[in-house]
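Readers should treat all values here as calculations from the given coordinates under stated rules, not as data from a laboratory. Not measured: the values here are computed from a predicted model. Every residue, glycine as well, gets a Cβ built from its backbone with ideal geometry; the counts of neighbours run over all protein chains shown.
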Amino acid sequence: MASLKELKDRIGSVKSTQKITKAKQMVAAAKLRRAQAAAEAARPYAERLNAVMASLAGKVTGDSAPKLLAGTGSDRRHLLVVVNTDKGLCGGLNSNIVKETKAKAEALIAEGNTVEFYLVGKKGLAPIRREYEDEIAKHFDTSAVRNPGFEEAAAVATELLEMFDAGKFDVAHLIYPVFKSALAQDPTVQQLIPVPTPEEADSSGAAVEYEPDEEEILEELLPRYVKTQVFGALLEIAASEQGASMTAMDNATRNAGELIDKLTIQYNRSRQAAITTELIEIIAGAEAL
Amino acid sequence: MALHFELVTPERQVRSEDVHMVVVPGTEGEFGVLEGHAPVMSTIRDGEVQVYKTESAEPETIEVRGGFAEVGENGLTVLAEHVEG
């Protein structure tokens, strides 16, 4: 059995761990509120853009459709854009994303396609590199920025579009967690390029005048749509990170509390045992006289 | 006579209000939008959006960069990538 001093030190160390997890939990709770507000503020733009896309995409079809909408005509080379967090202490969030990514990659490879990865965020790099070292096309580092925003999203999207124009891939999927609640963040796979045609039909029969014309507007709109999607993913990951972190740290704090209780009981028992032994020794000594 | 005017960026909704007229810097030239304007969809160039609260009021200008303007049944929506200030 551990000595009294060892037990005391152990309790002290668990207590300070608990302090850290508790602080991190409260920080995450505060940041979560901000991240959720940011995600909500971005919604009107995305909705408007979707509506415009829907009304335009139906009008421009056939040969005149831009490559971003129609695709390259092949679907052999896939690019998986994986969005992870930069920091840990957020439970199984990153490993869930990586798991989803690997499942998707394996399915694509089984169908005879080639797969490459474009990684955003630091935490996805190591586990994916372990299995697909040569397939990582690029790692976009967001760790230098405090809150990745639209500028980072634009940089990622621009790079993706350049790669697409250079013919480096045919289809791109975006993999990121969708923030449902602090307890649930579901990894989602979403097709990014070619841009999926929104199903929503144009209901207003009014003749809309286009300036310059449909094709040119669509040409401008599609890259913007890609940017908005990436931006949405960045906002989701920010909210998910804080949510997952809050839950994970709450659990850790509770576990630390239980451990402290258990150790305290053990400490008191050994203390009493030591006192009893001492007493017996004294009494035995007194009787012997 | 009021035109519903919305200005949104990816980060937030900047404006949502009823105004008299808005002058939008379209790619092919500026155009003013009053209530009941025919549906138009236009790309915009970097420039100033001028908002006239009332007919006689001095216009308020907002710098925008890159995006679209859409006039539909429910007014004018400007989707800008970036808004100054």
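Limiting things to C-alpha atoms, what are the Rg and the maximum Cα-Cα separation (Dmax) for the range A:15-155, in angstroms?
19.4, 68
Percentage of Cα-Cα pair distances in the range A:79-178 greater than 18 Å, rounded to whole percent?
45 percent
Calculate the mean, over all residues of peptide A:46-54, of how many other protein chain Cβ atoms lie within 10 angstrom of the residue's Cβ. It would help to have the intermediate numbers written out before the result.
Working: counts 2, 1, 8, 5, 0, 3, 6, 0, 0.
Per residue, the average neighbour count from other chains is 3.
Treat the count of other C-beta atoms within 10 Å as a stand-in for reagent exposure and order A:160, A:68 from fewest to most.
Details: A:160 26, A:68 20.
The fewest-first ordering by Cβ neighbours comes to A:68, A:160.
Ignoring everything except DSSP H segments at least 4 long, calculate the 222 nm mean residue ellipticity for chain A; use -39,500 (n - 2.57) per segment, divide by total residues, nearest 500.
Computed ellipticity for chain A at 222 nm equals -21000 deg cm²/dmol.
Listing A:45, A:210, A:176, A:118 from the residue with the fewest other Cβ atoms within 10 Å to the one with the most, what is the order?
Starting with the residue having the fewest Cβ neighbours, the order is A:210, A:118, A:45, A:176.
Going through the cross-link list A:24/A:180; A:59/A:102; A:31/A:168, which pairs have a Cα-Cα distance over 32 Å in this structure?
Among A:24/A:180; A:59/A:102; A:31/A:168, the Cα-Cα distance tops 32 Å for A:59/A:102; A:31/A:168.
Please express the shape of the protein assembly as shown as an equivalent ellipsoid: the semi-axes are the square roots of 5 times the eigenvalues of the C-alpha gyration tensor, given largest first in whole angstrom.
Taking √(5λ) for each eigenvalue gives 58, 28, 14 Å, largest first.
Using alpha-carbon positions, what is the distance between the centroids of the range A:60-126 and the range A:134-154, in Å?
What the calculation gives is 15 Å, centre to centre.
Residue by residue, what Karplus-based ³J(HN,Hα) values in Hz, rounded to whole numbers, does the range A:12-29 have, using 6.51, -1.76 and 1.60 with θ = phi - 60° and x for Gly and Pro?
After applying 6.51 cos²θ - 1.76 cosθ + 1.60, I find x, 5, 5, 4, 6, 4, 4, 4, 5, 5, 5, 4, 4, 5, 5, 4, 4, 4 Hz.
Can you check what the net charge comes to around residue A:12, using other residues whose Cβ is under 13 Å from the Cβ of residue A:12 (Lys, Arg +1; Asp, Glu -1)?
+3
Count the DSSP beta bridges whose two residues both fall in the protein assembly as shown, then state the antiparallel fraction as a percent rounded to the nearest 5.
65 percent
Calculate how steeply helix A:214-288 sits against the longest principal axis of the alpha-carbon atoms of chain A, using the helix alpha-carbon long axis, and give the answer as 0 to 90 degrees to the nearest 10.
Approximately 10 degrees, to the nearest ten.
What number results when the radius of gyration of the range A:201-285, computed over Cα atoms, is divided by 2.2 N^0.38 Å?
2.88
Would you mind counting up the charge near residue A:114? Only other residues with Cβ under 9 Å from its Cβ, with Lys and Arg at +1 and Asp and Glu at -1.
That sum, taken over residues with Cβ under 9 Å, equals 0.
Counting only residues 5 or more places away or on other chains, whose amide H sits under 5 Å from the amide H of residue A:121 once H atoms are built in the peptide plane?
Amide H neighbours of residue A:121, under 5 Å, 5+ apart: A:84, A:140, A:142.
Pull up the cross-link candidates among the aspartates and glutamates for residue A:138, meaning alpha carbon to alpha carbon under 14 Å and not fewer than 8 places away within one chain.
A:116, A:159, A:162
Scattering from the C-alpha atoms of chain B alone, worked out with Debye: what is log10 I(q)/I(0) at q = 0.13 1/Å?
For chain B at q = 0.13 Å⁻¹, log10 I(q)/I(0) is -0.33.
Counting DSSP beta bridges with both partners in chain B, what percentage is antiparallel, nearest 5?
Just about 90 percent of them are antiparallel.
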